[in-house]
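Data block below; observations after.
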Amino acid sequence: MGVGDGSIGEENNEDIQRHILDDLLIHRSGDHIANIVDCIYPSLLDNMYDPSFFQDRAKLTPKNVTIEEINEYVMSLPGEEKTYLSCDTSLSSNSMPSGMDDIHTPKFLNTVNASDIPNHKIKLNVRVSVMLLINLDPIVGLCNGTRLIIKKMGRYMLEDKVIT
């Protein structure tokens, strides 16, 4: 998680050299995000209705910003898109000294990005693969890391199909 958040390492990490096996590299020029998506999900638009297509494929990057770029690209593909926003108010507590809630403004809360919680604003598309970030209902298998395909999108609810 520290690698994804960018909190591990030193300032000169851009200069670190590592050998990567040739069969793991994408040898294409042009839009690097489109090339990554095409490599992970070949013929994505033709296979969007096949949940088994997503079962053996995953995106893994060392930094969250890269996965956000990839997700933004995938969400830009044709399909019904919906934007969901997080709750952006803090819960008040009578035990807190007055004025403490002033630092938790909606503007501040909307900028919080962490590996284990979704961003304030997420765009979703029908037929797109998503991953649960919390143990929603472990008894029925809805645990952190469970992958699903979005089938329908409502105002506050999603209908999904488990693919893992």
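Anything in the range 19-70 that is in a loop (DSSP other than H, G, I, E, B) and within 20 Å of ARG127 (Cβ to Cβ)? List them, or say none.
Of everything in the range 19-70, those that are in a loop (DSSP other than H, G, I, E, B) and within 20 Å of ARG127 (Cβ to Cβ) turn out to be TYR41, PRO42, SER43, MET48, TYR49, ASP50, PRO51, ASP56, ARG57, ALA58, LYS59.
For (1) at pLDDT below 75; (2) part of a strand (DSSP E or B); (3) surrounded by 14 or more Cβ atoms within 10 Å (Cβ to Cβ), each residue gets a yes or a no:
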| position | (1), (2), (3) |
| --- | --- |
| TYR84 | no, yes, yes |
| LEU91 | yes, no, no |
| VAL112 | no, no, no |
| LYS123 | no, yes, yes |
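Look through the range 35-57, keep the residues that are surrounded by 14 or more Cβ atoms within 10 Å (Cβ to Cβ) and out of contact with any helix residue (DSSP H, G or I) (no Cβ under 8 Å at 6 or more places or on another chain), and return whichever of them is nearest to GLY79 (Cα to Cα).
The residue in question is MET48.
Out of everything in the range 44-55 that is modelled with pLDDT of 80 or more, within 12 Å of ARG147 (Cα to Cα) and not aromatic (Phe, Trp, Tyr), what residue ends up being nearest to the chain's Cα centre (by Cα)?
The qualifying residue nearest to the chain's Cα centre (by Cα) is GLN55.
Can you tell me which residues in the range 154-163 are more than 17 Å from the chain's Cα centre (by Cα) and of a type outside the set (Gly, Ala, Ser)?
ARG155, TYR156, MET157, GLU159, LYS161
Give the range 109-155 a look and list any residue that's touching a strand residue (DSSP E or B) at 6+ places or on another chain (Cβ under 6 Å), within 14 Å of LYS82 (Cα to Cα) and in contact (Cβ under 8 Å) with a residue 40 or more places away in the chain, or say none.
If the condition is that a residue be touching a strand residue (DSSP E or B) at 6+ places or on another chain (Cβ under 6 Å), within 14 Å of LYS82 (Cα to Cα) and in contact (Cβ under 8 Å) with a residue 40 or more places away in the chain, then LYS123, LEU124, ASN125, VAL126, VAL128, MET153 are the ones that fit.
Quick check, is ILE139 at pLDDT 85 or above, surrounded by fewer than 10 Cβ atoms within 10 Å (Cβ to Cβ) and either aliphatic (A, V, I, L, M) or within 21 Å of ARG57 (Cα to Cα) (or both)? Break it down stepwise before answering.
Numbers: at pLDDT 85 or above: yes; surrounded by fewer than 10 Cβ atoms within 10 Å (Cβ to Cβ): yes; either aliphatic (A, V, I, L, M) or within 21 Å of ARG57 (Cα to Cα) (or both): yes.
Spelling it out, ILE139 is indeed at pLDDT 85 or above, surrounded by fewer than 10 Cβ atoms within 10 Å (Cβ to Cβ) and either aliphatic (A, V, I, L, M) or within 21 Å of ARG57 (Cα to Cα) (or both).
The values are calculated or read from the model by the stated rules, or taken from the named source; none is laboratory data. These figures come from a predicted structure and were not determined experimentally. Methodologically, a virtual Cβ is constructed for each residue, glycine included, from the backbone with ideal geometry; neighbour enumeration extends over all protein chains shown.
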